[in-house]
Amino acid sequence: MKHLMFSVFILLMLSACGKKAEPEQTEIQQSPEVTLRQQFDSYQGLAWQVVVALQNQSTAQQLQDLTLKLISSSTGLFLNLKAQLPECEASLQAMANATEFQQQQSDDTEALKNEITINLEPELPEFAAASCYHAQQLLLNPLAIYKLAQQADLAKDDYQSAKLKMIDSFARIKQLELITAID
């Protein structure tokens, strides 16, 4: 039964990813909703890559790279959501700040050219509405997977748990789409 429900969910997600935004005729007509739609689509595409990597039980390094890419690319999404969710402005700004990484040069450039420092437990303000909680999960779920991928040896249960966190992120996007009236 679980597998059937999961398969149905995957099919729904694939059909949702297949929808394409209508092309804009002029740049002047571009509205914040279109930009937000594109950012949601981008986030979903990167999140889907993480899910596929989890299904394939990719290496911890591959998972770290994919989740880091997902986390760093979500800065614009959080900033754009501030206009749609003014009650979440403090939380969204904190999330955008948390996705900006500090790169430090190592003395041994051959061994490690860029070291990326990521805060795995950012301090986020109390959320004022349910929409803020949904938005926070778009950062916290990938951060949890990134932290998990730092383990030396990932068990099958770790992959399953991480995959469920990413599926939760898809549900959060759908909730935010409904709240912000994005089609």
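The values are calculated or read from the model by the stated rules, or taken from the named source; none is laboratory data. Remember, predicted model here, so these are calculated numbers, not experimental data. A quick note on method: Cβ atoms are made from the backbone with ideal geometry, for glycine too, and the neighbour counts reach across all protein chains shown. With ligands, DNA and RNA removed, areas are computed over all heavy atoms of the protein, side chains included. Shrake-Rupley method; radii C 1.70, N 1.55, O 1.52, S 1.80 Å.
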Checking the structure you have, find out if any residue of region 132-155 is surrounded by fewer than 16 Cβ atoms within 10 Å (Cβ to Cβ), under 21 Å from Thr75 (Cβ atoms) and touching a strand residue (DSSP E or B) at 6+ places or on another chain (Cβ under 8 Å).
no
When both residues are 6+ apart or on different chains and their Cβ atoms are under 8 Å apart, which pairs have a first residue that lies in region 159-183 and is at positive phi, and a second that is open to solvent by 40 Å² or more (accessible area, probe 1.4 Å) and of a type outside the set (A, V, I, L, M, F, W, C)?
Ala181/Glu33
Within region 69-91, the residues that are in a helix (DSSP H, G or I) and either of a type in the set (Asp, Glu) or in contact with a Cys (Cβ under 8 Å, 6 or more places away or on another chain) (or both) are Leu81, Lys82, Glu87, Cys88, Glu89, Ser91
Near pairs, Cβ below 6 angstrom, 6+ apart or cross-chain, from region 72-100 (on the phi < 0 side of the Ramachandran plot) to any residue that is in a loop (DSSP other than H, G, I, E, B) and small (Gly, Ala, Ser)
Glu87/Ala128; Glu87/Ala129; Thr99/Ser74
With the requirement that a residue be more than 25 Å from Ala128 (Cβ to Cβ) and open to solvent by 60 Å² or more (accessible area, probe 1.4 Å), what does region 63-94 give you?
Asp65, Lys69
Take the residues in region 142-173 that are closer than 17 Å to Cys88 by Cβ and not β-branched (Val, Ile, Thr); name whichever of them is nearest to the chain's Cα centre (by Cα).
Ser169
